[in-house]
Amino acid sequence: MEVVIESVVTKRLGALPVAAEFLRRLDVAGIVDGLRPPDSRADLKHGQVIEVLVANRLTAPAPLSRVGDWAYSSEAVKGLGGGRCVSRLVH
């Protein structure tokens, strides 16, 4: 049996997987959602958005402006739950 690899995609994730795991272990999304029930019209829950924003601060500690634009284009955000959904929530 011969296996042929046609393409390889490499993405630099840095500390994002570690930050995401800690946020999940701490149940940040669950705590936030317990304090602020989800909006049935939203694609994501409040806790998911907070996890994404905290993960950004932990892995790229710089002030965020135009959060929606950042979320829409960020590979890191796509890995945590989707950029377009976060973008719609913060606009």
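In nm, what is the difference between 0.36 nm times the number of residues separating residue 43 and residue 15 and their Cα-Cα distance?
7.5 nm
Surface analysis of region 1-69 yields an accessible area of 81 Å² per residue, using protein heavy atoms and a 1.4 Å probe.
Could you work out the local net charge near residue 34, counting Lys and Arg as +1, Asp and Glu as -1, over the other residues with Cβ closer than 12 Å to its Cβ? Please report the intermediate quantities before stating the final value.
Details: positive: 36, 45; negative: 27, 33.
That sum, taken over residues with Cβ under 12 Å, equals 0.
Ligands, DNA and RNA left out, the 1.4 Å accessible surface of region 13-59 is 60% carbon and sulfur atoms.
The values are calculated or read from the model by the stated rules, or taken from the named source; none is laboratory data. Just so it is clear, the structure is predicted and the values come from calculations on it, not from any experiment. In this analysis, Cβ positions are derived from the backbone assuming ideal geometry, glycine residues included, and neighbour counts consider all displayed protein chains. Ligands, DNA and RNA are excluded from the accessible area calculation, which covers all protein heavy atoms including side chains. Shrake-Rupley method; radii C 1.70, N 1.55, O 1.52, S 1.80 Å.
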